[in-house]
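Visitor: Structure provided below as structure tokens; questions to follow.
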Amino acid sequence: MDKLIYLDNNATTRVDDKVFEAMLPYFKEEYANPSSMYEFAKPASRAIKEARAKVRDMLNAANEKEIIFTSCGSESANEAIRGVLNMNKNKRHIITTKVEHPAVLNLYQTLEKQGYNVDYIGVNSNGELDLEQLKNAVNSDTALVSVMYANNETGVIYPIEKISNIIKTQNPNTKLFVDAVQAAGKIPIDVQALGVDLLGISGHKFHAPKGIGALYINSKTVITPLIIGGHQERGLRAGTENVPYIVGIGKAAELAVDNLKYEMTEVKRLRDRLEANILKNVFNSRLNTGVANRVPNTTNIGFEYIEGELILLHLSDLGICASSGSACTSGSLEPSHVLRAMGVPFTAIHGSIRFSLSKYTTEKEIDYVTEVLPGIVNKLTNLSPFQNELEELRKLKS
Ligand code: PLP
């Protein structure tokens, strides 16, 4: 196969042609500053309004005033977290999970250095959160709980509605921020049913370009801005609006809603086919998430006693893109903090690969990967210094 097979859609996605086309007029013809008073600016300001309504619909927010545009998922998280803490200066306690994306985790580590007390909730071997630990952690000093909707490395979905109920029962004043970057476009998001206060998404994970995100802020939640300046985005995010990109995330949100059924049936079918074939044909493979509830496009498979980076290089030689760890941690040889938190055995943690599909993935591509992967793994297995352990495993699996 001389074509690229892109199975790294949790890192980023291809911009949908319809998104690209929708954006184009706002670069050249409709380039006005949307805040200007004259007629020429009206199409730009109307386009922002329409895009906001589309993102509102995608998240089922009650009001489009609850949506602000940001530059990315990281900014949405920083805005939400710092914004809530600034409004609650007398409270010093935060709860999050051990498996958050570095965009969130590194911010909490910085806040810890600034005197915040942060509890990191653990997960079980399937990657599921310890809700009892979460419940016991909430106290009268807890300003914020921050839990991702779906994990970028494993695809595991967290029960946000349940989490919201637990938190609000323990302390109704505690705010809940949800990093939904990996949920958007993969599963339905309903901020009202979930009972969240703030929720962040990023366009480039659902076929909009990189460099545009959004943050839902419940109308009852007051936060401070991260970027102070002009009055844009109701004073919560200064800076002349990035009209083409806002149009892009709006169009992508609309398409994502239309595509959800396909994602949850056909993309899931292809993911399950890939997963089942690998687990069947490669004796030293294991599904790192077990029975956990997952987004439809992601699988994380451990290959015991071999190096994941070597598998990735061999796949790359054949034009197949997959990843180990998150886009931010791959490239470093540190084992994934997510798989470590799940207690994935040392023998499999370095050999774990994430495959993440999209609406563009075809059955032919999946079958090609299924065909070539066992050969690659076999070659590396034969070179592994752990031959005795591998023999034991082979006997166990046969
Ligand atoms: N949160 C999660 C779960 C992610 O997967 C990512 C990106 O991979 C981010 C946040 C950061 O998003 P962005 O790259 O738009 O800043």
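Coordinate-derived values only; no laboratory data. Here the structure is a predicted model, which is why all the values come from computation and not from measurement. Cβ: placed from backbone, ideal geometry, glycine included. Neighbour counts: every protein chain shown.
Visitor: Leaving out same-chain residues fewer than 8 places away, which aspartates and glutamates sit with a Cα under 14 Å from that of Lys89?
Guide: By straight Cα distance, Lys89 reaches Asp141.
Visitor: DSSP loop (so not H, G, I, E, B), at most 10 other Cβ within 10 Å: list which trypsin sites (Lys or Arg not before Pro) in segment 147-251 pass both filters.
Guide: Listed in order of number, the matching sites are Lys220.
Visitor: Over 31 Å between Cα atoms, which of Lys54/Lys162; Lys28/Lys210; Lys205/Lys395; Lys54/Lys364; Lys3/Lys251 qualify?
Guide: Lys205/Lys395; Lys54/Lys364
Visitor: How much length is gained on full extension from Glu334 to Ala276, taking 0.36 nm per residue of separation minus their Cα-Cα distance?
Guide: Full extension of this stretch gives 18.1 nm more.
Visitor: Report the gain in length on full extension from Arg46 to Glu29: 0.36 nm times residue separation, minus Cα-Cα distance, nm rounded to one decimal.
Guide: Stretched out fully, the Arg46 to Glu29 stretch lengthens by 4.7 nm.
Visitor: Using only helices, what value at 222 nm comes out for the chain when you add -39,500 (n - 2.57) per DSSP H run of length 4 or more and divide by the total residues, to the nearest 500 deg cm²/dmol? Could you put the intermediate results ahead of the total?
Guide: Working: 14 runs with 159 residues, N = 398.
Counting only the DSSP helices, I get -12000 deg cm²/dmol.
Visitor: Let me ask you something else. Which residues make up the longest stretch of the chain clear of chymotrypsin sites (Phe, Trp or Tyr not before Pro) that lie in a DSSP loop with no more than 12 other Cβ atoms within 10 Å, not counting the sites?
Guide: So the longest stretch without any such site is 39-398.
Visitor: If R0 is 30 Å, what FRET efficiency do you get for Gln387 and Ser316 from their C-beta distance, rounded to 0.05?
Guide: 0.70
Visitor: Please give the direction-averaged projected area of the C-alpha convex hull for the chain, in square nanometres with one decimal. Walk me through the intermediate numbers first.
Guide: Working: hull surface 81.2 nm².
Across all orientations, the chain yields a mean hull projection of 20.3 nm².
Visitor: Take Gln133 and Met37, extend 7 Å from each Cα along the Cα→Cβ direction, and tell me the distance between the two endpoints in nm.
Guide: Using points 7 Å along Cα→Cβ, the separation is 5.9 nm.
Visitor: A further question on this structure: Can you pull out the GluC sites (Glu not before Pro) in segment 1-110 that DSSP calls coil and that have at most 12 other Cβ atoms within 10 Å?
Guide: Of the GluC sites (Glu not before Pro), the ones in loops of segment 1-110 whose Cβ has at most 12 other Cβ atoms within 10 Å are Glu29.
Visitor: Tell me, Kirkwood radius of segment 215-320 from alpha-carbon pair distances, in Å?
Guide: 18.4 Å
Visitor: Using every pair of alpha-carbon atoms in segment 17-95, split the distances into 10 Å bins beginning at 0 and state the percent of pairs per bin, rounded to integers.
Guide: Answer for segment 17-95: a P(r) of 15, 32, 33, 13, 6 percent.
Visitor: Per 0.36 nm of contour for each residue apart, how much would the distance between Glu64 and Glu363 grow if the chain were fully extended, relative to their Cα-Cα spacing? Mind showing how you got there, number by number?
Guide: Details: separation 299, 0.36 × 299 = 107.64 nm, distance 3.85 nm.
Using 0.36 nm per residue and subtracting the Cα-Cα distance, I get 103.8 nm.
Visitor: Viscosity 1.306 mPa s, temperature 10 °C: give me the Stokes-Einstein translational D for segment 1-155 in µm²/s, with Rh taken as the Kirkwood radius over C-alpha pairs.
Guide: Reported coefficient: 83 µm²/s.
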